[in-house]
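Okay, so here's the structure we're looking at.
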2 protein chains.
Amino acid sequence: MRIAQIAPLFERVPPKLYGGTERVVSYLTEELVRQGHEVTLFASGNSKTAARLIPSCDVALRLNPIVRDALPYHMIMLDQVRQHAGEFDVLHFHIDYLHAPLIRDMADRTVTTHHGRLDLPDLAPFYAIFPELPLVAISNDQRGYLRHTNWVGTVPHGLPRDLLPFQSSPQGYLAFLGRISPEKRPDLAIDIAAKAGMPLKIAAKIDRVDQAYWHDRIEPLVKQHPNVEFIGEISEDEKAAFLGDAAALLFPIDWPEPFGLVMVEAMACGTPVIAFRRGSVPEVLTHGVSGFIVDTADEAVAAVARLATLDRVGVRAEFEHRFTVERMARDYLGIYETLAASRRTQQRVAAKSNVRPIGRGMQVPPLAAVSKSNGHNGAAKPTVRALSAGIEAGSG
Amino acid sequence: MRIAQIAPLFERVPPKLYGGTERVVSYLTEELVRQGHEVTLFASGNSKTAARLIPSCDVALRLNPIVRDALPYHMIMLDQVRQHAGEFDVLHFHIDYLHAPLIRDMADRTVTTHHGRLDLPDLAPFYAIFPELPLVAISNDQRGYLRHTNWVGTVPHGLPRDLLPFQSSPQGYLAFLGRISPEKRPDLAIDIAAKAGMPLKIAAKIDRVDQAYWHDRIEPLVKQHPNVEFIGEISEDEKAAFLGDAAALLFPIDWPEPFGLVMVEAMACGTPVIAFRRGSVPEVLTHGVSGFIVDTADEAVAAVARLATLDRVGVRAEFEHRFTVERMARDYLGIYETLAASRRTQQRVAAKSNVRPIGRGMQVPPLAAVSKSNGHNGAAKPTVRALSAGIEAGSG
């Protein structure tokens, strides 16, 4: 197929450091190329890819000190997409909702993966206006926050099989990897490690908005606990050792995590995950196999004591069975193909009845069948939860 | 003409409190309706207008506590504009650059007024991609920061003639009106008033980003100086008395102010302005007639002593001559009509040569002639300054 992947411009594809969305776009793009598809990647100019690259800025925006406003560059990208749109069988967007007005007349040739949280009040009025946009969720929990939209599938993220090697004999520390921010609860991780009597290593970036939280809340805890070591932001190369050498990854989140790629990264190393029951966690982890799902810090401490009951080989097997890039690419290709077939059907019907085939108000049929290959995570089940009145107002 | 005005959704049109862009859009819209044009206003649902209103959200976004992200609502608006685009002779955008990719194929039926600062590095690469977009500046100084773009005119803002009544006998205080923020230099206003031995009244909003600046820098100065009174954010109704009763408005700005509507509001009341020589100031004020243009705080103190040499009737006359909404509407109608004539010419040429008339790469001729009615402010002069390497990195 002729496929366009449209990535955010904040990070390189793949990112040098932090950046979940751009990392997943990279894995998917390279796998599609490997399978022989004709792929074009719209991304920052310093991206590395085997696909054709159409750059919308010289270097990725987050680490470019002269950039003050990211939107103009994304407008440039949308214009490039508009110019080249006719060349593709499918255009796969990863930039939230920015493209919606522009692609009205070709919505049935597009797929949009939402990588962020959807429990924010501003998206419901938006999708009331754009009901036909074919959307893909990265977990059923994420999908549940937006009901009356054209969901065409749930596709959990996947990693290249050999990206992070299996590590059978870890060292005796707990790991925390990601961002220092209130919803990631590094304070709870410190508390759990202290009570469990285990060393904790924290590898995390600190965004500008989280500087005060770091200084006021977390840095004092790090200084106070001799068992806690803060490493800072680590590169992709350092991740394998950091995660692989850990006895477990702590993931004590306090927000509706839409996916949580780091859980899968730990699993690839054979490292089990102790995670709080929020967002996607019950879909990603198999309790008692790839880790423990807990509801309180005390349960997390108890879970640390039971780590020896888990088999690291079994953790890695879960990764290989459910979270490889091959599985992710297979899921997406299924969606691309179902959309193309649906379009051909509509065109034949339209040709017979002489009605304009595509455009506003078009309905793509729900693609429940598409997600069958997702394995254990129940992605094909129509378990969409209602957009409840009790949505939390945490930061995104 | 059939005219669309596309306003930002942050404030009502017109705003209840602060909000320069939405206020100017309102003045222009109502004047065009008054002159018999068929005007459609795209704006927030609680806007007040004699034009046809197409709302993109129920209430304006800034004062709506549930809103977290303004972009989805602007995407809804762009889609509404797209649907209705065929109904208009001209579409006049006031939303920066958000619409650029969407209107490629009808750029020659659009005008975009830039209301903000243009000295930011992210706009130059943007306009390299969208060189054909017809742009209007609100001062020649603002225009000078972007060179290689399709400037079709400079149109200074205007106010309804009877909005703010002339006040011949003011009280003896100096006024500061606007935002508490470092680039507006309320600290300098306090310093100038203290040295001049005059009372100072400050009417200003404090944005969340400026809370620390207020608490750390300005609030202590207000408490320290008994001659300074802080009033807070005032409504449109209170403005006439606040400005009209002042002996002068202080405008000690420290940024490239693109226009400075408050200067014109003061002039409408007959109140002279003491302003620093930055941004648009020399285009708006006539030194020795409508106020004094200064370079230092000491010069400002000396200017206060010379206020008696200015005639308030003369200040009001400057307003009536140069900054009424009739003059602003006349300028814009001239631009709309020149664009329409240019389009008709291109269509005739294209019909003869059988070439596609509009779209990418189209060049609208520079409309230097259009701005002739601007009066004293020299808007028609091609005084475009180079985008210098020494651009300041102040806040926007």
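The values are calculated or read from the model by the stated rules, or taken from the named source; none is laboratory data. Computed from a predicted structure; not experimentally measured. Please note: Cβ atoms are built from the backbone with ideal geometry, for glycine as well, and neighbour counts cover all protein chains shown. Surface accessibility is based on the protein's heavy atoms, side chains included, excluding ligands, DNA and RNA. Shrake-Rupley method; radii C 1.70, N 1.55, O 1.52, S 1.80 Å.
All conditions but one from (1) part of a loop (DSSP other than H, G, I, E, B); (2) surrounded by 20 or more Cβ atoms within 10 Å (Cβ to Cβ); (3) without any contact (Cβ under 8 Å) to a residue 60 or more places away in the chain apply to A:Thr112; the one that does not is (1).
All conditions in (1) away from chain A (no Cβ under 12 Å); (2) of a type in the set (A, V, I, L, M); (3) in a loop (DSSP other than H, G, I, E, B) hold for B:Leu118, with the sole exception of (1).
Every condition in (1) within 28 Å of A:Leu123 (Cβ to Cβ); (2) in a loop (DSSP other than H, G, I, E, B); (3) in contact with a strand residue (DSSP E or B) (Cβ under 8 Å, 6 or more places away or on another chain) holds for A:Thr49 except the one numbered (1).
Scan segment B:152-180 residue by residue and report those that are open to solvent by 20 Å² or more (accessible area, probe 1.4 Å) and not small (Gly, Ala, Ser). The answer is B:Pro160, B:Arg161, B:Asp162, B:Leu163, B:Pro165, B:Phe166, B:Gln167, B:Pro170, B:Gln171, B:Leu177, B:Arg179. Of everything in segment A:273-286 that is in contact with a strand residue (DSSP E or B) (Cβ under 7 Å, 6 or more places away or on another chain) and within 23 Å of A:Ala194 (Cα to Cα), the residue that is surrounded by the fewest Cβ atoms within 10 Å (Cβ to Cβ) is A:Arg277.
Checking each residue in segment A:64-88 for being of a type outside the set (A, V, I, L, M), closer than 16 Å to B:Tyr97 by Cβ and assigned to a helix (DSSP H, G or I) picks out A:Pro72, A:Tyr73, A:His74, A:Asp79, A:Gln80, A:Arg82.
Considering only residues in segment B:121-134 that are more than 15 Å from B:Ser342 (Cα to Cα), open to solvent by less than 20 Å² (accessible area, probe 1.4 Å) and not in a loop (DSSP other than H, G, I, E, B), the one that is nearest to the other protein chains (Cβ to nearest Cβ) turns out to be B:Phe126. The set of residues from segment A:27-78 being of a type in the set (D, E, K, R), more than 12 Å from chain B (Cβ to nearest Cβ) and without any contact (Cβ under 8 Å) to a residue 60 or more places away in the chain comprises A:Arg34, A:Glu38, A:Lys48, A:Arg52, A:Arg62. Taking segment B:66-83 as the range and being within 20 Å of B:Ser26 (Cβ to Cβ) and either open to solvent by less than 10 Å² (accessible area, probe 1.4 Å) or in contact with a Ser or Thr (Cβ under 9 Å, 6 or more places away or on another chain) (or both) as the test, the residues that pass are B:Tyr73, B:His74, B:Met77, B:Gln80, B:Val81.
Residue-level check: of (1) of a type outside the set (Lys, Arg); (2) surrounded by 15 or more Cβ atoms within 10 Å (Cβ to Cβ); (3) in contact with a Pro (Cβ under 9 Å, 6 or more places away or on another chain), A:Gln347 misses just (2). Pairs meeting the criteria (first residue in segment A:79-99 and away from chain B (no Cβ under 14 Å) and closer than 23 Å to B:His74 by Cα, second residue assigned to a loop (DSSP other than H, G, I, E, B) and not hydroxyl-bearing (Ser, Thr, Tyr), beta carbons under 8 Å, at least 6 apart or on different chains) are A:His94/A:Ala7; A:His94/A:Pro8; A:His94/A:His115.
Determine if segment A:15-25 includes at least one residue that is part of a strand (DSSP E or B) and either modelled with pLDDT of 95 or more or farther than 24 Å from B:Leu78 by Cβ (or both). Checked against the condition, which is being part of a strand (DSSP E or B) and either modelled with pLDDT of 95 or more or farther than 24 Å from B:Leu78 by Cβ (or both), segment A:15-25 yields no hits at all. Restricting A:Ala50, A:Ala60 to those that are of a type outside the set (S, T, N, Q) and open to solvent by less than 60 Å² (accessible area, probe 1.4 Å) reduces the list to A:Ala60. Candidates B:Arg327, B:Arg322, B:Arg312: the one that is open to solvent by 10 Å² or more (accessible area, probe 1.4 Å) and more than 23 Å from B:Lys205 (Cα to Cα) is B:Arg312. Annotation: A:Tyr145 fulfils all but one of (1) under 22 Å from A:Thr110 (Cβ atoms); (2) more than 19 Å from the chain's Cα centre (by Cα); (3) among the aromatic types (Phe, Trp, Tyr); the unmet one is (2).
Residues of segment B:135-173 that are among the acidic types (Asp, Glu) and part of a loop (DSSP other than H, G, I, E, B): B:Asp162 alone. Pick from B:Thr383, B:Thr324: which is at pLDDT 50 or above and under 23 Å from the mean Cα position of the chain (by Cα)? Sole residue among the options that is at pLDDT 50 or above and under 23 Å from the mean Cα position of the chain (by Cα): B:Thr324. Limited to segment A:289-303, what total is found for residues that are surrounded by fewer than 21 Cβ atoms within 10 Å (Cβ to Cβ) and assigned to a helix (DSSP H, G or I)? Adding up the residues that qualify gives 5. Cβ-Cβ contacts under 6 Å between residues 6 or more apart (or on different chains), taken from a first residue in segment A:221-235 that is under 17 Å from A:Ile206 (Cα atoms) to a second residue that is among the small types (Gly, Ala, Ser), are listed as A:Ile231/A:Ala203; A:Ile234/A:Ala203.
Within segment B:1-14, the set of residues being over 16 Å from the mean Cα position of the chain (by Cα) and not in a loop (DSSP other than H, G, I, E, B) comprises B:Arg2, B:Ile3, B:Ala4.
Only one of the numbered conditions (1) more than 14 Å from every other protein chain (Cβ to nearest Cβ); (2) touching a strand residue (DSSP E or B) at 6+ places or on another chain (Cβ under 6 Å) is violated by B:Thr149, and that is (1). For B:Ile103, the criteria (1) within 30 Å of A:His84 (Cβ to Cβ); (2) crowded, with 22+ Cβ neighbours inside 10 Å hold in every case but one, which is (2).
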